[in-house]
Each structure stands twice: as structure tokens, then as C-alpha cells.
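Reviewing the structure listed below.
The values are calculated or read from the model by the stated rules, or taken from the named source; none is laboratory data. Since we're looking at a predicted model, the values are computed, not measured. Here Cβ is always computed from backbone atoms with ideal geometry, including for glycine, and neighbour counts include all displayed protein chains.
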Amino acid sequence: MTILMPAYAAVLFSFASGLLALMTHRRPLLESLCLRYAARFPGRIPLVGLLEESRYPIRLRQAVFVLLGISGLLAVLAGSAALVSPSAVTDQIGLGLPWLPWHVRFDGLSGFFFLIIGIAVIAVSVYGPGYVRAYQEEKHPFAVLGLFTGLFVAGMLLVLLADDAFFFMIAWELMSVASYFLVAFQHENPANRRAAFLYLLMAEVGALAIILGFGVLAGFSDGLTFDALRQTNLSTGWASIAFVLALLGFGMKAGIVPIHVWLPEAHPVAPSHISALMSGVMLKVAVYGLIRFCFDLLADAQWQWGVVLLVLGTISALGGILYAMMQPNLKRLLAYSSVENIGIIFMVLGLAMIFLANGFPQLAALGLLAALLHAFNHALFKNLLFLGAGILQHQVHSLDIDSMGGLIKRMPQTSFLFLIGCMSISSLPLFNGFVSEWLAFQTALQVDVLDNGVLRSLIPVSAAALALTAALAAACFVKVFGLIFLGLPRSRHSEKAQEVEDKGMLLALKLLAGLCFFFGIFPTLIIGALNTVAKQLIGQVLPNATLLSWMWLAPVSAQNASYSPILVLIGVLIATGFTFWYLRRNPDTKTMRRSAAWDCGFGGLNARMQYSSSAFTMPFRRIFAKVWLIDEQIDKDMQGAQDMDVAAIHYRLQVQDHSWPKLYQPIAHGINAAARLVGRIQTGNIRVYLGYSFVTLIVMLWVVSL
């Protein structure tokens, strides 16, 4: 119960932050009450000064984010305590149905995702006050944004605490509906309303699939509590149906291909700190739900389920990063990158399920640990990148990569912190993204222990696709950083951009960047904590292969493979120091000469000579042309005698997702056709409607009499 207290407090503080945000619309009432109290008790209420016209909104918004930050801090404390606790803690809350109170369970798995949410919420609480200052209160009231942000965070935390299907779905719907209002926050834009509707539609379809998945388990059990569902003895067929329903529901929320289309639509239109929470945290709650369902509630995992996760994860990882490369909008690019990283997590979960079903629980523990670690790392660097995108949008007034450039000189701190995020997501050594992807490769390389020839052929192909995905991710974020921060400014806003004045926005980026580097150097700290989760779900932990476990990472054995980030860091520092010393002692390189870049005789460089986003990705577009639906047109304006001279050239490139025309548009057309058929019964004649009612009554009486 001691561990549950900070968890409950985290939920209550997130609710409180949302309720406090509502007070921004109740200023006259609050002002009259405070002034009346001040007149009755002079000198007893120092908060009256906060009611000044210029200070009240700012102070109240800061108080909202303070409560949100306290919620995040409590979530970190509760999650850390659960990870070191030897057993789960259970409780009941007297809410819900009269015969079904809400059951609560807080264990290592819940605690780990509490830790993820807590870190992200702390960063957002520091970042938020400066970011929301740009919104006009008349068009975008802070009361709406603050209320649904608090409810959104509370919903995610309650999902992790739920120990029965009814409570789980209540919390899941709270999370989904609250995030819908956040996506639709700037609702005056039709694209925002369309994205919000698409998100809510797919969220509810996914929720229905999850309910049906729980229903399959509940149909063979004595109740809706997770303890009762764990005791369910399902046949292979019914268990597979439950798995498919859970994969559809949780995979839709996670953004797995091909049910990912809401994600690149919703993330770019939400406020940047909400996009960070959705991409960095909410997708992980969906991963939590899938792990809880498949590794905890379903008793016996089948290797065929692992193959499904492996194939879908591979397609999502490779397809996600290929779609990301083609995006000129920064937040849309980051959203597709989340599809890629979710695909990596699903790949490794599939490997864990395959090894577990074939009797290798220690290798399954390695796969589960790699998936959880990548979920943790992705939450850190994706929050960093989305918050950095918010600063760029705040200062440059655009998310178009082709309209930026040269910002490294004008925004040096943001560029350095954004670079750390780019290196982390590109899986470069010394940063956290490298460790989890290295563990994913180590899991795939153990395929030789399997006897199934199909699996021994399939898993290396997936590992090769993962290697290609990592290379493409590095190329993608070379494009991102190079086009945004290097070169010459491509627009007037970029030319006049300055470092953001709000220190809190930069502090949030510094916190996340520091954690990306820290857990890249000391990954064994979080891996040691994750052994608790592996022990809980699989009954196995990773071996302690070396005496210096804090220094070396040897997931299988020191003879197979090992990695020491500290030694790599020492080697990099020595190489850098030696290079600097050598250059300084050489008379030819001791002093640095600055001069203009060579212009190839064209009389000066300008922004039009630089690579654009489409030009940078053109080689990849030619190689992987079948992955996208590409509409590329070049129009020429001609002039002169017989229109022989080219006056101007107009280039247009449109890259579309295959999922829209091949999956979703046929479904939409079918639904519209069915709606037109159903609409024929609406004749507008009251006698026809009475006839419908009479026939329905006769049919119901016949059914009841059977």
C-alpha cells in the first residue's frame, strides 16, 4: 500500500491540474471572493496581488503546470519503487459498478511505464508555460488545453493501475477522449477537425476490439478481474482469436502498419507538448496493454503469434522510416518515425514470444527487455525532438523543413540539443538508442538455437531489415538536421530567428538530452531494473556475465558479445584530445582561417543552390519507388519566339501512403454505399414508421416466446 500512495497521488495531481485550468474562465468569481476575503481580513491573503490583469493568467498557468510536474515527479517515484519491489501491490477502489469495484494492481510492469510517463510529464510541465503563451486566449482558451491535458495524463496512469477489464476500459476511454479534444484544440482549421475525427474513429474501433478480446477471456472465466482472466483455460483457437483482437486494438493505438494512418494526421496538428506526450508516451501505453494481455493474461504464447508480431513489426519499422524520409513537415516526419520505432518494439516482442513458445525463456527475457528498453529510450528522444520542433515552430513560425536553414548560428542551444536527439534516434553509440537496438540484434542473432527451419530463415531476414531501417533512420535525420540548422536561411523568418527566450523550454530539452546521454553511458542501471519485469512475466532474468556489470553489457555471455559504453566514451575522448593536440602543435593548422566558401565561379552562394528535402531523398525515392504512390510533375513556362525559351520551371511532388487508396478508401466507399441503402427506409411517412415499429414488436415477441 505504501507504493500505491504516490501512484494515487500522481493521478490526483493530474486531475487537480486540469480542474485548476478551468479557473482561467472563472476569474471574476475568484477575484470577488479573494477581494471580499481581503477586505474582511486585511493582510491575510498575499495572493490578491496575483489578480492583477497582467499577472493572474501567467501565475495561474504556471500553477497548472506545477501541479502537472508534481504528478510526473510522483509517477517517477512510484514507478522506481515498484521496479525495486519484490512483489505486486493490490487494492480496491469503491467506484465502478455496485458488484464490480475497481481493482488496482501495481507491479514492476506498471511501475516501468509509470516511470516513462513521469519523466515525460516532468519535461512537459517545465516546457509548457513558455509554449502556451503564444496562444490567444479568445481563440484557444487555456482552460480547454489544461483540463484535457490533466485528464489525458490521469487516464494513462489509470490504465497502468487497472486490474480488471471494466476499470481498464474506463481509463482507456478517458485517455482516448481527452486526447481527441487535444488534437482538435485548434479546431478552426478543417485539417485539424478531420485529423481529430479520424483519430477518434480509429480509437473507438480499437477500443471495441479490445473489449471483444477481454470478452473472449471473460466468457471462459468467472469474472472480469485480471486474476480471474489469468486462470482462463482457452483452446488454441479461442486464444488466437483473443490475441488477434488484442493486436488489432492495441496495435491501432500504437500505430502499427497498416492501421497507422491516424498517427501522421493527428500528431502534426496537436500542440507540440501534446504531440510529445502522444508519440512518446501514449503509444507506450498501447505497448503496455499488448504486453499485459499477451504475456500476462494469456497463459501460453504460441510461436505463430510471435511470427505475426515479427512480420508486422518489420513492415512497420521499414515502412515507417521510408515514409518519414519523404515528409517535408517536421512533425509529420517525427510521427512516421514513431511508426518505425513502434515497429522495432513489436519485432522484438515477436522474437520474445517465439523463443518463449520454443522453450528458451532466458532468450525470451532478453527480447522482452530489449523491447521495454527501446520503449523507454524512444520516449526520451522522441519527446526531445517533438519539444524541439515546438521551439522551431515557435521561433520560425513554420514546420516546413524547406523553409528553414542556417539556424545553428541563430539558435545554438536548440541546435545542439536537437542534435543529441537526432543522434539518439539514429542509434549512434554513446546515446541511448544504440543500446536498445544493439540488444534487439543480439536477440535476433540467437536464432541458431531454434529447430524450426521457417523461423531460422525468417528471423535473419527481419534482422537484415532492422539493419536497413537503422541506416535509413540515420540518413533521414542527417537530412533533418542538415536542412534545418546548416546552410543558409531559406525564409525571412529563418533569417531573423533567435534563441527562445523562455528558459523553461530549453530546460526541458536539456533534461531529456541529458537522460539520452546518461542512459547511453549507463544502460545497465535501467536494464537491472527491467530484470524485475522479466522475472514477473517470464520467470527469467538476464545473466550477470561479468563482475563489472555496471561497466560491461553482456546480454547472453561475455564470449558471445559484450559492449562497454564507458570504454567507448574514454576512447572517443582520447581520440578527440589527441587530434586536438596534434592540430594545435602543427604550425599549418595551429590557427584557423575563416573565409567565404568557394562559389564555383557563380558569383556568390544563395539559398536556392542548397539541397531541398525532395532533392536529398531523391536517390531513396528512385530505389524504393514502389513503397509510395508518387505523383511527380515538372511544368515549364515558355516564352520567346515559338515558345522555345524557358521562363520558369514549376516542380510538384506528392507522396502518398498506399494504405489510403488500397485499404481505407474502399472501406469508406462501402460504408457510404451501405448508408445510402439504409437511408431508403427514411421515407418521411409516419404510417411507414408505425409499420416498422409494429413489425419490430411482432419479431421481438416471437423471439421472447421461443
Any chance Asp300 is of a type in the set (D, E, K, R), outside any helix (DSSP H, G or I), surrounded by fewer than 23 Cβ atoms within 10 Å (Cβ to Cβ) and in contact (Cβ under 8 Å) with a residue 24 or more places away in the chain | yes
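For (1) surrounded by fewer than 17 Cβ atoms within 10 Å (Cβ to Cβ); (2) closer than 30 Å to Ile315 by Cβ, each residue gets a yes or a no:
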{"position": "Ala464", "(1), (2)": "yes, yes"}
{"position": "Ala470", "(1), (2)": "no, yes"}
{"position": "Ala473", "(1), (2)": "no, yes"}
{"position": "Phe485", "(1), (2)": "no, no"}
{"position": "Arg492", "(1), (2)": "yes, no"}
{"position": "Ala497", "(1), (2)": "no, no"}
{"position": "Leu512", "(1), (2)": "no, yes"}
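Here is a yes/no grid of residues against (1) closer than 26 Å to Leu553 by Cα; (2) assigned to a helix (DSSP H, G or I); (3) of a type outside the set (Val, Ile, Thr):
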{"residue": "Ala375", "(1), (2), (3)": "yes, yes, yes"}
{"residue": "Leu387", "(1), (2), (3)": "no, yes, yes"}
{"residue": "Gly421", "(1), (2), (3)": "yes, yes, yes"}
{"residue": "Leu428", "(1), (2), (3)": "yes, no, yes"}
{"residue": "Phe434", "(1), (2), (3)": "yes, yes, yes"}
{"residue": "Glu437", "(1), (2), (3)": "yes, yes, yes"}
Within the range 514-523, how many residues are surrounded by 21 or more Cβ atoms within 10 Å (Cβ to Cβ) and more than 20 Å from the chain's Cα centre (by Cα)?
-> 1
Would you call Gly359 free of Cβ contacts under 8 Å to residues at least 12 places away in the same chain and among the small types (Gly, Ala, Ser)?
-> yes
Is it fair to say Leu366 is outside any loop (DSSP other than H, G, I, E, B), more than 18 Å from the chain's Cα centre (by Cα) and at negative phi?
-> yes
Looking only at the range 674-689, and only at residues there that are surrounded by 10 or more Cβ atoms within 10 Å (Cβ to Cβ) and more than 19 Å from Val205 (Cβ to Cβ), the one that is farthest from the chain's Cα centre (by Cα) = Val688
Those residues of the range 656-687 which are assigned to a helix (DSSP H, G or I) and either touching a residue at least 24 places away in the same chain (Cβ under 8 Å) or among the polar types (S, T, N, Q) (or both), in sequence order = Ser659, Trp660, Pro661, Leu663, Tyr664, Gln665, Asn672
Looking across the range 264-295 at residues that are part of a helix (DSSP H, G or I) and touching a Leu at 6+ places or on another chain (Cβ under 6 Å), the single one that is nearest to Ala508 (Cα to Cα) is Ala276
Count of residues meeting criterion [farther than 17 Å from Pro328 by Cα and in a helix (DSSP H, G or I)] in the range 617-626 = 4
Taking the residues in the range 362-393 that are of a type outside the set (A, V, I, L, M, F, W, C) and crowded, with 24+ Cβ neighbours inside 10 Å as candidates, determine which candidate is nearest to Leu310 (Cα to Cα).
-> Gly367
Conditions (1) part of a helix (DSSP H, G or I); (2) surrounded by 24 or more Cβ atoms within 10 Å (Cβ to Cβ): number failed by His260 = (1)
For the range 76-107, name all the residues that are part of a helix (DSSP H, G or I) and either crowded, with 24+ Cβ neighbours inside 10 Å or of a type in the set (D, E, K, R) (or both).
-> Ala78, Gly79, Ala82
Can you tell me how many residues in the range 581-623 are loosely packed, with under 12 Cβ neighbours inside 10 Å and at pLDDT below 80?
-> 23
Log entry, pairs with first residue in the range 182-207 being among the charged types (D, E, K, R), second being buried (at least 17 other Cβ atoms within 10 Å of the Cβ), beta carbons closer than 8 Å, six or more apart or on different chains, reads Arg193/Ala184; Arg194/Glu265; Glu204/Ser176
